[in-house]
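The values are calculated or read from the model by the stated rules, or taken from the named source; none is laboratory data. Predicted model, so just to flag it, every value in this text is computed and none were measured. When we count neighbours, we look across all protein chains shown, and the Cβ atoms used for this are built from the backbone with ideal geometry, even at glycine. Each accessible area value is taken on the protein alone, full model and side chains, heavy atoms only, with ligands, DNA and RNA left out. Shrake-Rupley method; radii C 1.70, N 1.55, O 1.52, S 1.80 Å.
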Amino acid sequence: MKMISKKSLNGFINYGIIIVLFIIFQSLLSTKHLSSSLSGQLVPICAYVVMALSLNLVVGFSGELSLGHAGFMSIGAFAGVIASTALSGSVTSGGFRLLIAIIVGAIFAALAGVVIGIPVLRLRGDYLAIVTLAFGEIIKNVMNCMYIGVDSNGLHFSIQDANSMGMEPTGTIIVNGPMGALGIKKLSTFLAGTILILITLFIIQNLVNSRSGRAIAGIRDNRIAAEACGIQITKYKLMAFVVSAALAGSAGALYALNYSTVVPKKFDFNTSILVLVFVVLGGIGNLRGSIIAAIVLTVLPELLREFQDYRMLVYAIVLIVVMIVTNNEKASAFIKGIFNKKSKEVA
Amino acid sequence: MANDKEQKLVRVQSPNFLPEKELKNAPILEVSHLGIDFGGLTAVDDFNMVVGQTEICGLIGPNGAGKTTVFNMLTKVYQPSRGTIMLAGKDTHSMNTIQVNQAGIARTFQNIRLFDKLTVEDNVKIGLHNSINYGMFEGIFRLPGYWKEEKKSHEKALELLSLFDMQDLANDYAGSLPYGAQRRLEIVRALATNPKLLLLDEPAAGMNPSETQELMDNIRKIRDVFGIAVLLIEHDMNLVMGICEKIVVLNFGKIIAKGTPSEIQSNPEVIEAYLGKAATTPGKEA
Ligand SMILES: Nc1ncnc2c1ncn2[C@@H]1O[C@H](COP(=O)(O)OP(=O)(O)O)[C@@H](O)[C@H]1O
Ligand SMILES: [Mg+2]
């Protein structure tokens with residue numbers, strides 16, 4: 001019982017940190033103490049925190065490497081924008097439309113997670129890294145040539161150009177190929193972002209500390225022993241991957257509905273790696289570390305704008321300090337693990 | 001349908017087939033003509049063995065004889081090249097590792113395989129996984145099923161740990177335990193899967209004489225309390241001769257002797273296999 005309370009205490013501290021940070025930033029915001037660039041970053045920071053937390057479920061708890069997390073963010077972003085724009089006539093409440101957009105984003109990203117996960121997670125070895133890497137690029141390129149619009153007849157799609165969708169002249173173009181989603185009505189708020197972080201924490205923490213979460217971590221620690229205990233390997237790897245994809249999709253919807261336009265190029269390999277950096281620097285399997293790393297590494301470049309000349313120097317020093325402070329032992333073990341995984345697999 | 005027919009066919013052909021009513025007294029494990037090749041190398045050949053429902057059996061032989069490979073075939077880590085394995089009257093041919101575990105075989109590993117970054121209690125709870133009855137959503141949303149089943153599995157885990165007097169270590173990380181405790185935890189975790197047959201691969205390796213003595217008592221206790229069969233691989237002859245009712249000796253993948261401890265001890269072929277091996281290659285282990 002002692003351990004259970006220690007684990008849930010840890011979880012409650014994480015909720016507390018998020019709530020305290022929200023109160024601090026919200027009061028800075030309402031008393032106009034926040035620079036305009038930083039206040040514009042609040043929702044993206046929330047989205048990145050959710051991204052980092054969800055990737056940590058795959059990388060930290062399931063022990064798989066995913067290099068295409070931004071792909072799920074992209075799917076969530078565009079699905080969310082489409083849902084929100086398509087419903088702008090029928091659902092008048094902005095908050096409710098945001099909720100629907102986030103749920104739709106999560107569902108579509110989860111479906112993509114299932115489609116990728118089922119074939120790949122059956123295999124042993126680091127195939128997931130390769131496939132997710134390709135997935136991220138494919139999603140970016142597919143979205144680059146997607147044209148989606150809505151009129152009184154419903155949604156229209158095309159992969160050629162906006163005109164070939166055959167819409168009524170009064171229809172709206174939602175996604176315009178490489179120019180991305182246009183004319184988005186900004187619905188995301190800092191409060192909504194904070195709530196999404198809390199929900200993400202709730203889902204991941206409770207999942208990890210349950211029967212399924214033990215199975216997921218057990219498979220990571222020793223696949224052969226887990227099988228010998230009767231654990232369905234593919235099922236639990238898929239569970240972690242799909243939950244993670246769904247959360248990334250919800251982050252994507254939150255992110256996209258914070259801007260008037262979103263281009264597919266935003267969710268490229270660099271974004272996937274950036275999120276992976278948050279996870280590795282924050283500590284593999286360390287949720288609080290992911291939160292802190294995502295916030296610090298997003299805010300820092302903004303704060304350092306004034307010190308143009310020394311910006312990269314300070315950034316580098318902070319990176320090193322973060323790495324030393326958080327579990328860099330685990331990070332190095334993880335990097336070693338990538339190379340040693342094959343030899344561990346032998347019975 | 002097709003599957004049904006196939007199953008029946010196998011059963012009729014198998015010399016080990018027994019009508020349901022006789023299963024009660026039937027052996028838990030019947031292995032016949034089991035063999036496996038790795039490329040050109042035949043690691044195990046024509047392995048035959050029967051284990052009774054509450055028997056403690058030993059599998060001994062020099063290093064590299066193929067003992068662990070037999071365990072790996074029984075648990076389907078390796079698919080055998082030849083032969084049949086009947087577990088409680090059922091052919092395990094089409095089963096995988098997970099299904100074999102659910103059908104009643106649990107094991108420990110020669111090179112310890114614990115969930116190092118999880119607590120001792122969580123290691124045991126993973127063993128209990130298939131007897132814990134709630135799903136992902138009940139876990140995430142902390143529905144009544146979660147609380148009820150977690151309470152039950154917590155109690156069950158501590159009860160199993162107390163068998164080996166390890167309940168005070170419940171919150172320690174498995175990877176941080178001393179060697180002997182890690183071996184004991186592996187046995188507890190295996191027992192948690194509720195097996196009919198427990199396979200122990202060198203359970204006394206790295207233990208001191210007093211720990212080994214305690215282990216012998218505990219293996220007997222497990223058999224008596226749970227009423228299950230135990231098949232163990234071990235190099236410690238005091239342990240093997242002390243608790244095994246039946247011993248099979250393997251050398252170069254082939255059975256060279258079978259019998260009671262006293263029969264094995266006086267078997268000239270066994271003595272030669274051990275002495276000959278010891279003289280050429282001392283203690284190489286995977
Ligand atoms: N996966 C494998 N591939 C090739 N050879 C193997 C494999 N597993 C076991 N062997 C070989 O089978 C033989 C028996 O090994 P093992 O069962 O581990 O011996 P024991 O447990 O009796 O010491 C050894 O020669 C070993 O090299
Ligand atoms: Mg061995």
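Only one of the numbered conditions (1) open to solvent by 10 Å² or more (accessible area, probe 1.4 Å); (2) more than 16 Å from ligand 2 (Cβ to nearest atom); (3) touching a helix residue (DSSP H, G or I) at 6+ places or on another chain (Cβ under 8 Å) is not met by B:G52, and that is (3). For the stretch B:63-76, which residues satisfy the criterion of being within 11 Å of chain A (Cβ to nearest Cβ) and either in contact with an Asp or Glu (Cβ under 8 Å, 6 or more places away or on another chain) or away from ligand 2 (no atom under 16 Å from the Cβ) (or both)? Listed by number, the residues that qualify are B:T68, B:F71, B:K76. On the stretch given as the stretch B:144-203, residues that are open to solvent by 30 Å² or more (accessible area, probe 1.4 Å), touching a residue at least 12 places away in the same chain (Cβ under 8 Å) and either touching a Phe, Trp or Tyr at 6+ places or on another chain (Cβ under 6 Å) or not in a helix (DSSP H, G or I) (or both) total 6. Residue check: A:K32 meets all listed conditions (1) in a helix (DSSP H, G or I); (2) surrounded by fewer than 19 Cβ atoms within 10 Å (Cβ to Cβ) but one, namely (1). Has the stretch A:217-231 got at least one residue that is touching a residue at least 24 places away in the same chain (Cβ under 8 Å), assigned to a helix (DSSP H, G or I) and within 19 Å of the chain's Cα centre (by Cα)? No: zero hits. Return yes or no: is B:T84 hydroxyl-bearing (S, T, Y), at the interface with another protein chain (Cβ under 9 Å from one of its Cβ atoms) and either touching a residue at least 24 places away in the same chain (Cβ under 8 Å) or touching a His at 6+ places or on another chain (Cβ under 6 Å) (or both)? When the stated conditions are applied, B:T84 does not pass them.
The C-beta contact set for the stretch B:38-67 (first residue in contact (Cβ under 8 Å) with a residue 12 or more places away in the chain, second residue hydroxyl-bearing (S, T, Y) and within 13 Å of ligand 1 (Cβ to nearest atom), distance under 6 angstrom, 6+ apart or interchain) comprises B:A43/B:T69; B:V44/B:T69.
Considering the stretch A:107-119, and only residues there that are β-branched (V, I, T) and touching a residue at least 12 places away in the same chain (Cβ under 8 Å), the residue that is nearest to A:H69 (Cα to Cα) turns out to be A:I116. Only one of the numbered conditions (1) among the aliphatic types (A, V, I, L, M); (2) at the interface with another protein chain (Cβ under 8 Å from one of its Cβ atoms); (3) crowded, with 23+ Cβ neighbours inside 10 Å is violated by A:I219, and that is (2).
Does B:R113 satisfy the criteria of being under 18 Å from the mean Cα position of the chain (by Cα) and either within 9 Å of chain A (Cβ to nearest Cβ) or modelled with pLDDT of 95 or more (or both)? Taking the combined requirement at face value, the residue satisfies it. Residues in the stretch B:43-60 that are at pLDDT below 95 and either within 8 Å of ligand 1 (Cβ to nearest atom) or farther than 24 Å from B:M241 by Cα (or both): 0 in all. Could you list all residues from the stretch B:66-106 that are open to solvent by less than 20 Å² (accessible area, probe 1.4 Å) and more than 15 Å from ligand 1 (Cβ to nearest atom)? If the condition is that a residue be open to solvent by less than 20 Å² (accessible area, probe 1.4 Å) and more than 15 Å from ligand 1 (Cβ to nearest atom), then B:I85, B:M86, B:L87, B:G89, B:T92, B:I98, B:V100, B:N101, B:G104, B:I105, B:A106 are the ones that fit.
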